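The values are calculated or read from the model by the stated rules, or taken from the named source; none is laboratory data. These numbers come from a predicted model, not from an experiment. So basically every Cβ, Gly included, is an ideal-geometry build from the backbone, and we count neighbours across all protein chains shown. With ligands, DNA and RNA removed, areas are computed over all heavy atoms of the protein, side chains included. Shrake-Rupley method; radii C 1.70, N 1.55, O 1.52, S 1.80 Å.
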Amino acid sequence: MEQNLKKAMQNSISEVLGTMFYMPLEFDQEETLSESRLLALPDIKASILCFDGPFSGCLVMLVPGELLALMTADFMGEKEVSAMEMEETLKEISNMVAGNTFSNYDCHMEFCLGIPEILQGVHGSHEVFSRKGIFLMVESVDGPLGVWMGLGS
């Protein structure tokens, strides 16, 4: 299950970020969340979206602030963006990646997606990362980002 879910996550991230932001991406299948150092970045932004269905859990998008600002500006066609616009963009990316992941994983399974929220206090370790999960490190031309899916309640 985990390998198929990881592959569905990778396809979804490629589709969503490629379509919305025209971002060429490379994936590091071996890197772990703790090795990635994303949680230690001072400007890391994170959103969380919980889900229920045949299995439950949550998806967390981790994007450095500078990269998120670039993505938001490109998406909106603006040069300057506000913190609120960046947060809304991050939540929308989470929603699209989660929905697309489950569609790629098994289009016959039904999942109920929660409302994405900004995850506060991700520096260091956050309790949400204490459960079993799948992590994908994503490298873009403008910098790294990560997607973590925690499984179980």
- Cα centroid separation - region 1-35 against region 64-85, whole Å: 21
- Task: Report, please, the projected area of region 57-116 averaged over directions, based on the convex hull of its C-alpha atoms, in nm².
- Result: 4.6
- Message: Can you give me the % of accessible surface on region 40-153 that is carbon or sulfur? Probe 1.4 Å, all protein chains present, nothing else counted.
- Response: 52
- Reachable lysines, given that their alpha-carbon falls under 23 Å from the alpha-carbon of residue 45 and they are not under 8 places away in the same chain: 6, 79, 91, 132
- Taking region 71-153, which trypsin sites (Lys or Arg not before Pro) meet the DSSP loop condition and have no more than 14 other C-beta atoms within 10 Å? 79, 131, 132
- Message: Just to check, using Stokes-Einstein with a Kirkwood Rh over alpha carbon pairs, what's the diffusion coefficient of region 90-153 at 4 °C and 1.567 mPa s in µm²/s?
- Response: 95
- Using Cβ-Cβ distances only, list the Cys residues of the chain with no partner cysteine under 4.7 Å, sorted by number. 107, 112
- 222 nm mean residue ellipticity, helices alone, for the chain (DSSP H n ≥ 4; -39,500 (n - 2.57); rounded to 500): -12500 deg cm²/dmol
- If you take the Cα atoms of region 6-84, find Rg, then find the Kirkwood Rh from the mean of 1/r over all pairs, what is Rg/Rh? 0.98
- The list (1) 36; (2) 43; (3) 22 gives values of percent of Cα pairs over 25 Å apart, and only one came from this structure; which label was calculated from it? (3)
- Query: Computed FRET efficiency, Cβ-Cβ of residue 3 and residue 130, R0 22 Å: what is it to the nearest 0.05?
  - Reply: 0.45
- Item | Surface per residue (accessible, 1.4 Å probe) for region 1-151, Å² | 52
